[in-house]
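The values are calculated or read from the model by the stated rules, or taken from the named source; none is laboratory data. These figures come from a predicted structure and were not determined experimentally. Using ideal geometry, Cβ is built from the backbone for each residue, glycine included, and neighbour counts are taken over all protein chains shown. Side chains are part of the model used for accessible areas, which takes the heavy atoms of the whole protein and leaves out ligands, DNA and RNA. Shrake-Rupley method; radii C 1.70, N 1.55, O 1.52, S 1.80 Å.
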Amino acid sequence: YQKHHEFVVDIVGNNPRMFFLRNLENLISRQSFKASKYFASVDGVRVDPASISVSVWDPSFLRGDGVFEGIRIVNRQGKMEPRAVQLHLDRLVRSAESIALELPDRNLIERWIREACLSAGDEKGYIRLVVTRGAGAPGYGEHLGECLIAPRKTIILWQPIAPGHSTTPRTLAPIIAPFHPAGLFKQWNTVKYLSYGANLHATRLARAAGAQDALLLARGWNVADDDECLERRVVLDGPQFGVGWITKSGVLELPDWRQLGMLESITSTVLVQAAMHLGIPVNLGVFTLDHLLKNANELWLLSTTTDLCPIRAIAFPETSSTNNNYFHLPVVDHDGNSSPFRSKLLEAMALIESRYDKR
């Protein structure tokens, strides 16, 4: 500090101490990241998680034009491995092909994912894989000039999962999703875009209504836009998750992603196979919210980070035509305990996932 005192004064005037402390804080922050379990790599090269950058000229930053995946880490015989990685890579390839985005070699991406799992050293987290468009390709900023061309980047991060994230019961608010293709426009289906802005806004609306998240409902499907009866609308999924339920007669039901133009949920795919393994009848279809409320005995939020998270209640807005603002699921108590279906299905899902990974 004494050695560079005069230089510091030249930059910040008469307050060299503040400049010094600010830089010391940044240095400590970078060192703490390096010493922690956080992991990040760009195109296979490990980097400081606090200093990852994407060009502001990259369409992935400007417009969300890119693809991503979230992959859970599991401990298999003392070794950290990506769960159902081939299913996730299959979906990544489909998403990239749908938006004409060139990916690195699939085997190379898988190797980078596995390196991240080994380096993270903790199954209480998951891998987030992001592939950007890059700036300068024809149609994506070739007019910017050579100095602003940005290469495509493949970014891999280890992210922690909050305690209780998969077990704490949630309340969902039904919200119509005008941004959702809902099976009406096939060319918009099944892409895991980076652009989740509308999804996040749906979650904000749900929280403003007193719920933890949103249950998205479709437009159309023979229901007029000005119809205020939410129960007549078709159930889609959540902003960042799928949904599924066990009926009072013991049938597993899920909205059919193929008919409804939704992103294929890896968790839902494995759940269906686990149910079939256990001999539980499965019904994939188009269901109204009224059908769900009348038939569901246990409702779950489905995602990579939550597995099967119990849903405690559906919270209707005060403007809804329903007589009851809260619909409570009958078999979820205040501690989130649910029927034996959940535990049996989770065990079967782990078995199915291990078989995929052995392949």
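How many residues does segment 137-172 hold that are open to solvent by 20 Å² or more (accessible area, probe 1.4 Å), over 30 Å from E298 (Cβ atoms) and small (G, A, S)?
Going through segment 137-172, the residues open to solvent by 20 Å² or more (accessible area, probe 1.4 Å) turn out to be 137-140, 142-149, 151-153, 157, 159-168, 170.
Subset that is over 30 Å from E298 (Cβ atoms): 137-140, 142-149, 151-153, 157.
From the residues that got through so far, the ones that are small (G, A, S) too are 137, 139, 145.
Residues flagged as open to solvent by 20 Å² or more (accessible area, probe 1.4 Å), over 30 Å from E298 (Cβ atoms) and small (G, A, S) within segment 137-172 amount to 3.
What strands (runs of 3 or more DSSP E) lie completely within segment 230-320 and have 3 or more residues being surrounded by fewer than 23 Cβ atoms within 10 Å (Cβ to Cβ) and not polar (S, T, N, Q)? Please lay out each step first, then the result.
On the way: elements: 242-247, 252-255, 282-285, 296-303, 307-315.
Here the list reads 282-285, 307-315.
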Exercise for the section: Would you be able to say whether some residue in segment 78-98 is touching a Ser or Thr at 6+ places or on another chain (Cβ under 6 Å), part of a loop (DSSP other than H, G, I, E, B) and crowded, with 18+ Cβ neighbours inside 10 Å? Expected result: no
Fill in the blank from the handout: Checked segment 42-72 for anything of a type in the set (S, T, N, Q), assigned to a helix (DSSP H, G or I) and surrounded by 14 or more Cβ atoms within 10 Å (Cβ to Cβ); matches are S60
